[in-house]
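Student: Can you keep this structure in mind? I'll have questions shortly.
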Amino acid sequence: MDRLAAMASLVRVAETGSFSAVARELGSTQSLVSKQVAALEAHLGVKLLSRTTRSVSLTDEGRTYVEAARRIVQDAQQAEEALRGDAGQVTGRLRIGASAGFGRIVVFPIVRAFMQAHPQLSVEFQLSDSFVDVVEQGLDAVVRVGELADSSLLAQRVGTAERSVVATRELAAKLNREGRVPLAPSDLTAHDCVLYTGLTTPGTWVFDASDTAAVERVKVSGRFQTNNTEVVREAVLHGLGIGFAPTWFFTEELADGRVIRLLPLHAPRPLPIHVLYPAARKHSAKLAAFIQFVRGRLAANA
């Protein structure tokens, strides 16, 4: 029995509550993962997991053992990474998460470039606009846009996402003909706006006031709202309303005039971009290299 591999499998089963999920992560089979844990239990002479047809949970002995096993597995991984880092290598596997639109448009090109710079590294890239439990999903880190909620995760700020108030050229022309082009943030209350419900306050758009320490909050509404950032973009492009989104969502359309920036004299408050990761990954050399790379790329593209 490879005891370290068995410990790693046990830790992930405890975190995910699923043998099949761990098998998919490892590119293995549920039967093999189960056999690894069973062999570890036989070696220790105690039952670590309580299994039913619907769930997997730790026994009291299992909880004690998993805490120690997690530290051992992490120490071993970090020791290997440190040795490779000393040799100038970034190797192994990195599991990164991001929201759908931001991940596709901004993060994926950075991940691709990072892999090209480090050909011995493999990456699993997960996209979701839903809340993702980083530890449960076994992710090394997530790249997130927006203010941080209270969390046990560590965070490093790597950039800033500028935002714009936008509309299609056709919608902007229609508003102009009707004499209804918004000239101040407060004018948006009279317009149909596309709302992203993934925010804590989806109906409130925030602008920097003339005093940079202050903000102006505008309550907006609209006939269309969605919890998916990609659909926000599509809704704006199909003329369903005025959008309030990171400018990179519409880079090409702004450049060729298909989308017009409204309220150019009023700056929407930008959003911070962070890489968040569990405390257990704090000393990961490959993660540190990735964070530095993301920060550099975002700065270059700003």
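What follows is calculated from the coordinates using simple rules that are stated; it is not laboratory data. A quick note: this is a predicted structure, and the numbers were derived from the prediction, not measured. Neighbour counts are summed over all protein chains in view; Cβ atoms, including those assigned to glycine, are modelled from backbone coordinates with ideal geometry.
Student: Using amide H atoms built in the peptide plane, which far-off residues or other-chain residues are under 5 Å from Ala245 H to H?
Tutor: Ser164, Val166
Student: Quick one: Cα centre-to-centre distance for the stretch 285-302 and the stretch 1-59, in angstrom?
Tutor: Using only Cα atoms to place each centre, the spacing works out to 35 Å.
Student: List the residues, sorted by chain then number, that are 5 or more residues from Leu154 or on another chain and whose placed amide H is less than 5 Å from its amide H.
Tutor: Tyr277, Ala279
Student: Which ³J(HN,Hα) values in Hz, rounded to whole numbers, follow from the phi angles of the stretch 135-140 under the Karplus curve 6.51 cos²θ - 1.76 cosθ + 1.60, where θ = phi - 60° and Gly and Pro get x?
Tutor: Result, rounded to whole Hz: 5, 4, 7, x, 7, 6.
Student: Leaving out same-chain residues fewer than 8 places away, which aspartates and glutamates sit with a Cα under 20 Å from that of Lys47?
Tutor: Qualifying aspartates and glutamates at Cα under 20 Å: Asp2, Glu15, Asp60, Glu61, Glu67.
Student: Given axes a ≥ b ≥ c from the Cα gyration tensor, I'd like to know whether the stretch 84-144 is rounded (a/c under 1.5), prolate (a/b larger than b/c) or oblate.
Tutor: Oblate.
Student: How high is the relative contact order of the stretch 3-85, given as a whole-number percent (alpha carbon pairs under 8 Å, six or more residues apart)? Don't skip to the end; give the middle numbers.
Tutor: Details: 75 pairs, mean separation 26.0, N = 83.
For the stretch 3-85, the relative contact order is 31 percent.
Student: Which of these values of log10 I(q)/I(0) by the Debye sum over Cα atoms at q = 0.06, 0.09, 0.12 Å⁻¹ was calculated from the structure shown: (i) -0.19, -0.44, -0.79; (ii) -0.25, -0.51, -0.80; (iii) -0.28, -0.58, -0.87?
Tutor: Read-out from the structure maps to (iii).
Student: Another question, then. Quick one: order Asp75, Asp129, Asp187 by neighbouring beta-carbon count within 10 Å, fewest to most.
Tutor: In increasing order of surrounding Cβ atoms, one gets Asp75, Asp187, Asp129.
Student: May I ask for the net charge around His274, where only other residues with Cβ less than 9 Å from the Cβ of His274 are counted and Lys, Arg are +1 while Asp, Glu are -1?
Tutor: Here the charged neighbours net out to +2.
Student: Can you list residues whose amide H is under 5 Å from Leu240's amide H, if they're 5+ apart or on another chain and H is modeled 1.01 Å from N?
Tutor: Excluding prolines and chain starts, which carry no amide H, there are no hits.
Student: Taking 7 Å along the Cα-to-C-beta vector as the label spot, tell me the Ser28-Arg3 distance in nanometres, rounded to one decimal.
Tutor: The answer from the label model is 1.7 nm.
Student: Compute the FRET efficiency between Ser20 and Ile72 as 1/(1 + (r/R0)^6), taking r as their Cβ-Cβ distance and R0 = 30 Å, and round to the nearest 0.05.
Tutor: 0.75
Student: I want to check the label-to-label distance for Glu234 and Leu265. Put each point 7 Å from Cα in the C-beta direction and report it in nm to one decimal.
Tutor: About 3.7 nm, to one decimal.
Student: Ranked from highest to lowest mean number of other Cβ atoms within 10 Å per residue, what is the order of the peptides 256-262, 13-19, 55-61, 234-240?
Tutor: Ranking the peptides 256-262, 13-19, 55-61, 234-240 by packing returns 13-19, 234-240, 256-262, 55-61.
Student: Another one. Can you pull out the trypsin sites (Lys or Arg not before Pro) in the stretch 113-216 that DSSP calls coil and that have at most 12 other Cβ atoms within 10 Å?
Tutor: Arg180
Student: Could you work out the relative contact order of the chain, using alpha carbon pairs under 8 angstrom and six or more residues apart, expressed as a whole percent?
Tutor: Reported relative contact order: 22 percent.
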